[in-house]
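Have a look at the structure below before the remarks.
The values are calculated or read from the model by the stated rules, or taken from the named source; none is laboratory data. Only a predicted model underlies this, so the values are computations on that prediction, with no experimental measurement involved. No Cβ is skipped: glycine too gets one built from the backbone with ideal geometry, and neighbour counts run over all protein chains shown. The area values use the complete protein model at the heavy-atom level, side chains included, leaving out ligands, DNA and RNA. Shrake-Rupley method; radii C 1.70, N 1.55, O 1.52, S 1.80 Å.
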Amino acid sequence: MNITKEQVLEALKNVDDPDLHKDIVTLGMVRDLEVEGLNVSFTVMLTTPACPMKELIHKASVNAVLHFVNKEAKVTVKMDADVTSRRKDKTALPEVKNIIAIASGKGGVGKSTVAANLAVALARQGAKVGLVDADIYGPSIPTMFDVVNERPLVKNIEGVSKMLPIENYGVKLNSIGFMASPDQAVPWRGPMASKALNELLHKTVWGELDYLIIDLPPGTGDIHLSLVTTVPLSAAIIVSTPQQVALADAKRGVSMFRLPQINVPVLGLIENMAWFTPAELPENKYYIFGKDGVQNMAAQMDLPLLGQIPLIQSICDAGDAGRPVVLQENTPQALAFTELAKTIAQQIAILNNTPVAEPANA
């Protein structure tokens with residue numbers, strides 16, 4: 001007996017997206033369904049190419065057709081992705097689906113290292129990614145991407161001078177560090193810094209991006225306030241080490257994004273330098289900054305712990321060499337950042353599926 005498209009769609013209503021808690025037919029994720037005899041083919045359009053549930057959904061889709069329609073069916077499922085967005089006001093950066101700020105209350109916690117490896121990890125999984133180095137106090141992204149001596153080309157577009165981003169490892173880049181030579185000190189004042197950051201964001205030809213990551217300066221000063229109130233952020237992520245001094249500053253970072261005049265969703269916390277693992281003893285963990293400090297704080301503030309990154313010498317060495325450690329395939333440190341990217345993409349997809357709360361009437 002021949003199989004019909006209606007039978008296949010009915011069967012696929014038994015396959016739920018584990019994150020969005022609805023079936024893939026209702027979510028509109030089933031595309032290009034073709035049926036010929038016992039041959040069934042279709043595409044499942046995921047909400048991100050970094051979806052950690054990709055294999056689970058693939059297997060469940062095949063099994064649904066075999067179980068509910070015909071056990072003799074020959075099922076071909078293609079997994080693709082169309083990254084979601086819940087941005088309503090696209091006056092600024094209209095081609096960017098999600099704008100994610102990476103912040104820290106304190107300097108020296110590895111925020112830029114996390115931002116760089118996260119950007120590369122998302123790009124390696126098929127996403128279109130941009131990275132803005134907005135850290136005016138210590139722009140390190142040019143070093144981490146081995147583009148210290150590069151400068152963005154300027155192009156006249158409809159009478160407006162715009163910058164073409166530098167690209168490396170599949171990530172489009174622009175940095176405050178490109179505005180001066182590496183050995184030149186630039187004493188940024190508040191208005192100057194805000195203007196420079198505004199140009200980085202709005203006068204760069206980013207093109208279509210699934211994720212634009214902004215590496216913010218440490219702290220919670222006026223630069224942060226002016227930036228987050230003029231850029232349509234989708235979410236913020238706070239990076240901290242487990243030590244108490246860093247945690248106190250991280251709490252202030254969370255509080256800043258939760259201010260009513262800012263009101264940016266905090267996606268979660270990342271614990272960097274969670275433990276030290278020496279190269280000669282890869283199974284050993286030494287909690288030199290304290291154990292589970294960020295995890296405990298996340299629980300107290302009702303926020304997800306997005307990931308824990310170990311303190312490993314090769315992570316620092318890779319950044320200094322201009323090749324983010326996530327490029328070192330199948331190493332524990334690369335896998336840690338890859339899993340972190342999947343978790344963040346997953347949480348962004350869940351956030352985008354959550355209705356935006358309408359402001360209360362006065």
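Considering the stretch 53-68, the residues that are open to solvent by less than 90 Å² (accessible area, probe 1.4 Å), modelled with pLDDT of 95 or more and not small (Gly, Ala, Ser) include one that is nearest to residue 16 (Cα to Cα), namely 57.
Residues that are among the hydrophobic types (A, V, I, L, M, F, W, C), in a loop (DSSP other than H, G, I, E, B) and under 19 Å from the mean Cα position of the chain (by Cα) within the stretch 226-261 comprise 231, 233, listed in sequence order. When the stretch 1-26 is filtered for residues that are aliphatic (A, V, I, L, M), surrounded by 18 or more Cβ atoms within 10 Å (Cβ to Cβ) and within 30 Å of residue 121 (Cα to Cα), the ones remaining, listed by number, are 15, 20, 24.
Condition check ((1) free of Cβ contacts under 8 Å to residues at least 60 places away in the same chain; (2) part of a loop (DSSP other than H, G, I, E, B)) across all residues:
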site: 93; (1), (2): no, yes
site: 112; (1), (2): no, no
site: 116; (1), (2): no, no
site: 126; (1), (2): no, yes
site: 150; (1), (2): yes, yes
site: 154; (1), (2): yes, no
site: 163; (1), (2): yes, no
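Within the stretch 280-307, residues that are under 24 Å from residue 331 (Cα atoms) have Cβ atoms under 8 Å from residues that are among the small types (Gly, Ala, Ser) and assigned to a loop (DSSP other than H, G, I, E, B) in no pair, counting only partners at least 6 apart in sequence or on another chain. Residue 247 meets all of the listed conditions (1) buried (at least 18 other Cβ atoms within 10 Å of the Cβ); (2) touching a residue at least 40 places away in the same chain (Cβ under 8 Å); (3) closer than 25 Å to residue 170 by Cα; (4) not charged (D, E, K, R) but one, namely (3). Of all residues in the stretch 313-337, those being surrounded by fewer than 22 Cβ atoms within 10 Å (Cβ to Cβ), under 15 Å from residue 50 (Cα atoms) and touching a residue at least 12 places away in the same chain (Cβ under 8 Å) number 1.
The set of residues from the stretch 297-312 being open to solvent by 80 Å² or more (accessible area, probe 1.4 Å) and of a type in the set (S, T, N, Q) comprises just one member, 300. With respect to being part of a strand (DSSP E or B), of a type in the set (A, V, I, L, M, F, W, C), open to solvent by less than 40 Å² (accessible area, probe 1.4 Å) and out of contact with any His (no Cβ under 9 Å at 6 or more places or on another chain), residue 131 fits the description. Residues that are open to solvent by 10 Å² or more (accessible area, probe 1.4 Å) and either of a type in the set (Phe, Trp, Tyr) or at pLDDT 85 or above (or both) were ranked within the stretch 219-244; the one that is nearest to residue 272 (Cα to Cα) is 243.
Residue pairs whose Cβ atoms lie under 8 Å apart, separated by 6 or more positions or on different chains, with the first residue in the stretch 37-53 and touching a residue at least 40 places away in the same chain (Cβ under 8 Å) and in a loop (DSSP other than H, G, I, E, B) and the second among the hydroxyl-bearing types (Ser, Thr, Tyr) and open to solvent by 10 Å² or more (accessible area, probe 1.4 Å), are 47/84; 48/84; 52/343. For beta carbons closer than 7 Å, sequence separation of 6+ or different chains, a first residue in the stretch 342-355 that is crowded, with 19+ Cβ neighbours inside 10 Å and a second that is among the charged types (D, E, K, R), the qualifying pairs are 346/19; 349/19; 352/86. Condition (residue is closer than 25 Å to residue 253 by Cβ and more than 15 Å from the chain's Cα centre (by Cα)) applied to the stretch 48-65: is it met by at least one residue? No, there is no match, as no residue in the stretch 48-65 is closer than 25 Å to residue 253 by Cβ and more than 15 Å from the chain's Cα centre (by Cα). Which members of the stretch 273-292 meet the condition of being surrounded by 18 or more Cβ atoms within 10 Å (Cβ to Cβ), out of contact with any Ser or Thr (no Cβ under 6 Å at 6 or more places or on another chain) and either assigned to a loop (DSSP other than H, G, I, E, B) or modelled with pLDDT of 90 or more (or both)? Residue satisfying the conditions is 277 alone. Within the stretch 262-277, the set of residues being within 18 Å of the chain's Cα centre (by Cα) and under 22 Å from residue 132 (Cβ atoms) comprises 264, 265, 266, 267, 268, 269, 270, 272.
For the residues 50, 92, 81, the requirement of being modelled with pLDDT under 95, surrounded by fewer than 16 Cβ atoms within 10 Å (Cβ to Cβ), under 29 Å from residue 340 (Cα atoms) and among the hydrophobic types (A, V, I, L, M, F, W, C) singles out 92. Taking every residue in the stretch 206-219 that is at positive phi and pairing it with any residue that is open to solvent by 10 Å² or more (accessible area, probe 1.4 Å) and assigned to a strand (DSSP E or B), at least 6 positions away or on another chain, the pairs with Cβ-Cβ distances below 9 Å are 207/172.
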